[in-house]
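This report concerns only the one structure given below.
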Amino acid sequence: MNLDNDLKRALRRESPAPGFAGRVLERIERAEETRRKPAWWRAAAASVTLAALLGGYATHKVAEHRRGERAKEQVLAAMRIAGEKVRIAQDEVRAIGSHD
Amino acid sequence: MTAIVPEAIDFPAPLTRAQAGDHDAFAEIIEQHEDMVYSLAYHFFGDRSRSEELAQDVFLQLYRNLGTIESDSHLLFWLRQVTTRRCIDLARRSRLKAVPLEDVELRAVEKHADPLLDRRLKQLVEELPEVQKAVVTLRYQEDLDPSEICRIVGMPVNTVKSHLHRALQSLRRKLEKHS
């Protein structure tokens, strides 16, 4: 066995799948296409993205605010009902006291 | 009597034309070097699709750096260096495990060739540590001397010799164990 010769044979050059150069050139074309897009196009794309992000954030904030308002109204209603019950109980206690 | 000799047309080399923006000339450069770039990656990873992607990346990088290439020999050196370093970086980043060669064709090669030994050797080379693998591939695929390999991998020549020695020892040991 001659390892040097065996390695040279085992590691001989191989070819990529046919059409390799074409695939590289396509990638170059695509990269250049992106680079060629005018500045206004990139600015417009950035604006649309920003608007979408801000819109989403605003919607989230409004929904959060509405949930807070609803919770506040529920607490106030509960307090009103509890106050009413306490007043009725006080009236009844007072009525019992006046009979004595 | 005078003979009329046609004037030699000085046609610029593909490198010069590619540097001037000629895509056909760049395609010629790719076709000239694709086997070398692809094979360096293939003998490193043993995976055809990964090797194709890496080779494409190398030529894309070459396209962006065409202006810095000074000559055909510089181009060859640049391609070998960028490919080898990309292979080492990618292997280190992802700590890829060597995968079995998925489609090694056991075709009849030259006389005295042993396809099973070839396949076994390829697998053993893939299992070597990254730098040893790069050094062995450059030595045997590209037929380079340690003094040329050291410029590509950016290491002192004695370090390259030591990597090569250790790699060959390891390959011999594993082959003997296997047989």
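Worth a mention:
- Among (1) over 24 Å from the mean Cα position of the chain (by Cα); (2) of a type in the set (A, V, I, L, M, F, W, C); (3) outside any loop (DSSP other than H, G, I, E, B) - the single one residue A:48 does not satisfy: (1)
- In region B:149-160 there is no residue matching the filter, namely being buried (at least 18 other Cβ atoms within 10 Å of the Cβ), in a loop (DSSP other than H, G, I, E, B) and not aliphatic (A, V, I, L, M).
This table checks each residue for (1) away from chain B (no Cβ under 14 Å); (2) at pLDDT 90 or above; (3) part of a helix (DSSP H, G or I); (4) surrounded by fewer than 10 Cβ atoms within 10 Å (Cβ to Cβ).
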{"residue": "A:13", "(1), (2), (3), (4)": "no, yes, no, no"}
{"residue": "A:21", "(1), (2), (3), (4)": "no, yes, yes, no"}
{"residue": "A:27", "(1), (2), (3), (4)": "no, yes, yes, no"}
{"residue": "A:30", "(1), (2), (3), (4)": "no, yes, yes, no"}
{"residue": "A:41", "(1), (2), (3), (4)": "yes, no, yes, no"}
{"residue": "A:58", "(1), (2), (3), (4)": "yes, yes, yes, no"}
{"residue": "A:78", "(1), (2), (3), (4)": "yes, yes, yes, no"}
{"residue": "A:84", "(1), (2), (3), (4)": "yes, yes, yes, no"}
{"residue": "A:97", "(1), (2), (3), (4)": "yes, no, yes, yes"}
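The values are calculated or read from the model by the stated rules, or taken from the named source; none is laboratory data. These figures come from a predicted structure and were not determined experimentally. When we count neighbours, we look across all protein chains shown, and the Cβ atoms used for this are built from the backbone with ideal geometry, even at glycine.
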